[in-house]
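J.: First, the structure itself, so that you have it in front of you.
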Amino acid sequence: MNTASRTHHIAGALLALGFAATAVPALAVQKGDWLIRGGLGHVAPTGESVTVPVVGGKLEADSATSLAINFTYMMSDNLGVELLGALPFKHDLTHDSLGKVGETKQLPPTLLLVYNFAPRSGVRPYAGAGLNYTTFFSEKTKGALDGTSLKLDDSFGLAVEAGVDVDISKDWFFNASLWRIDIDTEAESSLLGKFDVAIDPWVLFVGVGTRF
């Protein structure tokens, strides 16, 4: 299922939850609250490399899913600071003619300023913008590049987010959010040399959260 299909399914689920939320006392959000959300994060890259030296063609990172968590501190009833974290995401690296040529793990901690549009409602949409830092590690070469070395540089970039919390009880809420993150790295291969790779993923998060 692609990211667009997942988004449509989530929109339908949110509509159903929105009706259900009318029967649940609103878990109002206010200044000084901490919100914690845990669930699954799905990273769907949209970019690719420049033309790869020596062999030509393009290199890209495949999608990956992992457990994710985020924390939000509300500085006011509407304005908060959010930090996204996760267990490592593992991506296959594929070349358009050579197939799978490697794999890497990455962690994408992201810090955003978020605005909650309806803090006292049972359905609370929000949006945010901030900065991402992605670190790559445990690179391995496979297939045509097996036995050579590969290193991906860390990345700094902008990130934006849109999400919604929907109350499911007086203590818990459902969360869905969609992120767009600017991730660009330089790959260094002992066989192919250096070349830029744009990853630029959509990140879909679905989980549950609570307030304390």
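J.: Return a single number: how many Lys pairs in the stretch 35-180, at a sequence separation of 8 or more or on separate chains, have alpha-carbon atoms below 19 angstrom apart.
T.: So the count works out to 17.
J.: Per residue, how much accessible area does the chain have with a 1.4 Å probe, in Å²?
T.: Accessible area per residue: 47 Å².
J.: Moving on. At what distance in angstrom do the alpha carbon centres of the stretch 138-183 and the stretch 45-83 lie from each other?
T.: 4
J.: Here's another thing I want to ask about it. Of all the accessible heavy-atom surface of the chain, with the other protein chains kept in place and a 1.4 Å probe, what percent is carbon and sulfur?
T.: 63
J.: Just going by the charge dipole of the stretch 57-106, with Lys and Arg at +1 and Asp and Glu at -1 on Cβ, which of Val81, Leu93, Leu67 is farthest out on the positive end?
T.: Farthest along the dipole direction, towards plus: Leu93.
J.: Assign unit charges at the C-beta atoms only (+1 for Lys and Arg, -1 for Asp and Glu), then state the dipole size of the stretch 71-122 relative to its Cα centre in Debye, rounded to the nearest 20.
T.: On the way: 4 positive and 5 negative charges, 21 e Å.
Value, rounded to 20: 100 debye.
J.: Would you work out the charge dipole size for the chain about its Cα centre, treating the Cβ of every Lys and Arg as +1 and the Cβ of every Asp and Glu as -1, and quote it to the nearest 20 debye? Could you put the intermediate results ahead of the total?
T.: Details: 16 positive and 23 negative charges, 133 e Å.
In total the dipole reaches around 640 debye.
J.: So what's the angle, to the nearest 10 degrees on a 0 to 90 scale, between helix 3-21 and the longest Cα principal axis of the chain?
T.: 10
J.: Let me ask something else. By average Cβ neighbour count within 10 Å, what is the ranking of 45-54, 110-119 from highest down?
T.: Packing proxy ranking, top to bottom: 110-119, 45-54.
J.: Projected onto the charge dipole of the stretch 107-212 (+1 at Lys/Arg Cβ, -1 at Asp/Glu Cβ, origin at the Cα centre), which of Leu113, Phe136, Ser149 gives the Cα projection farthest towards the positive end?
T.: The Cα lying farthest towards the positive end belongs to Leu113.
J.: Right, another one. Using only the alpha-carbon atoms of the chain as identical scatterers, what base-10 log of I(q)/I(0) does the Debye formula give at q = 0.11, 0.12, 0.14, 0.17 Å⁻¹?
T.: After summing over all Cα pairs, the log10 values are -0.57, -0.65, -0.81, -1.06.
The values are calculated or read from the model by the stated rules, or taken from the named source; none is laboratory data. Keep in mind it's a predicted model, so treat the numbers as computed, not measured. Cβ atoms come from the backbone with ideal geometry, glycine included; neighbour counts cover every protein chain shown. Calculation scope for accessible area: heavy atoms of the full protein, side chains included, ligands and nucleic acids excluded. Shrake-Rupley method; radii C 1.70, N 1.55, O 1.52, S 1.80 Å.
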